[in-house]
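> This is the structure I want to talk about, given as structure tokens.
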Amino acid sequence: MRTHLTRRLIAASSAVVVTLGGAATFAATTATAAPGGGVSLLSTVDASGQQAALDFWTAERLAQATPLDRTVTNRGAGAPGAAAAVGTAQPSTAAPRPRSTSVAQGDAPVLPRAPREASGVVTGDAVSTARNWVGGALPTVGRLYFTQGTGKFECTASSVDSPKGNVIVTAGHCVTENRLDSRNLIFVPGLAGASEPQGRFAVGQTFTTTQWRTLDQQSSAALSYDVGFALVTPRSGKSLKDTVGANRIAFDTPLARTTVLGYPGRSTTADGFTLQYCTGTQFTDNGPGATTDVATLCDLGGGSSGGPWVHDFDPATGTGTVTSVTSFSYDDNTSVLYGPRFGSVVRDVYTRAANA
């Protein structure tokens, strides 16, 4: 079993595209349902807490958040389509080593499932083995660093369009996992090796779906809503969008060709600080007890959780329309990634974050 990330997405009918012009101190930490019933505000961080988060991430701590070689013990699988419990990372030697993973409390679940039918396999012009991005600067995508409990973790996030230009999207398990909300969050757009060419943005608020926050996160019912948004704080009066740009975001999109982007942690195929990508056509999760996610052939590793799935991607501008984020893979086929469908529930969470 591969030691990495995980979670998912599906398709619907006509697309709706939105195109709009020490430890941190938490002023509030709540799970609040909005009138629509699908939105949870996880936290609000005051200015001093945001500065503390920026200061927290020293070079040493950033290195500790990078996944290291390790083994993961699967402590048993449930029924088809149900998530298996995943053990904590175990060091490969007797010497103490920092525990690190793509999500808090161990890797995100990997799920047992029946083999996918051959008719669902993508063929043709696709890049299913992750490759380093060599198309120049892509500052709309970056690393999201955070803590949960005593652990230091990393995910991928991306800038999406909003009225004030300060919203990023990621996976739900990157902002809350097992009722532990992420703290000390910072977004580093356009990370390139040890360089942070666009600097860092502190996170002021985090949001997720009520389904992901409240349901059993080992279940398909929760995994189908594994999406999170965060509101970053402008720097010197300049928004994130004005600084790095932003992708469009769409809801209820049909299956289509997609580009998956993410920052895998250090491994035999990634240096831990280089953006990677895959391209291919989406298909549905059709296993027993399946999620409502969509899927694509891609082997991006741990750390790429929360990375954007971009339709109509233009390599020249590095922009397109985000329709999902990397969520999970099944333990019997880690070469396929799954991402949650951006439907009406996710739209409500986005709207809440965009208007915060």
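> Once the Cα atoms of the range 296-356 are picked out, what are the Rg and Dmax in Å?
13.5, 41
> Percent relative contact order of the range 149-207, based on C-alpha pairs within less than 8 angstrom and at least six residues apart? List each step's numbers first, then the result.
Numbers: 53 pairs, mean separation 12.9, N = 59.
Value for the range 149-207: 22 percent.
> Would you compute the Debye intensity of the range 248-292 from its alpha-carbon atoms alone, equal scatterers and no solvent, and pass along log10 I(q)/I(0) at q = 0.13 Å⁻¹ to two decimals?
Listed by q, the Debye log ratios stand at -0.49.
> While we're looking at this one, here's another question. When Rg is the radius of gyration of the Cα atoms in the range 236-346 and Rh is its Kirkwood radius, what does Rg/Rh come to?
0.99
> Can you list the residues, at least 5 places off or on another chain, whose amide H is less than 5 Å from the amide H of Gly228, using H built in the peptide plane?
The answer is Thr170, Ala171, Gly172.
> Grab the beta carbon distance between Ala316 and Thr58, set R0 = 35 Å, and tell me the FRET efficiency rounded to 0.05.
Here the calculated transfer efficiency is 0.45.
> Quick check: pseudo-label points 7 Å beyond the Cα along Cα→Cβ at Ala256 and Glu196, how many nm apart are they?
Simple spin-label model gives 3.4 nm for this pair.
> When the Debye formula is applied to the Cα atoms of the range 152-292, each taken as the same point scatterer, what base-10 log of I(q)/I(0) results at q = 0.18 Å⁻¹?
Taking Cα atoms of the range 152-292 as identical point scatterers yields -1.26.
> Please sort 300-313, 267-280 by packing, taking for each peptide the average over its residues of neighbouring beta carbons within 10 angstrom, highest first. Before the final figure, lay out the partial values.
Numbers: 300-313: 28.6, 267-280: 19.2.
Result, highest mean Cβ count within 10 Å first: 300-313, 267-280.
> Starting from the alpha-carbon convex hull of the range 186-235, give the projected area averaged over all orientations, in nm².
4.7 nm²
Taken together, the values in this text are just the output of simple stated rules run on the coordinates, not laboratory data. Quick caveat, the model's predicted, so the values are computed rather than measured. Neighbour counts run over all protein chains shown; Cβ positions are idealised from the backbone, glycine included.
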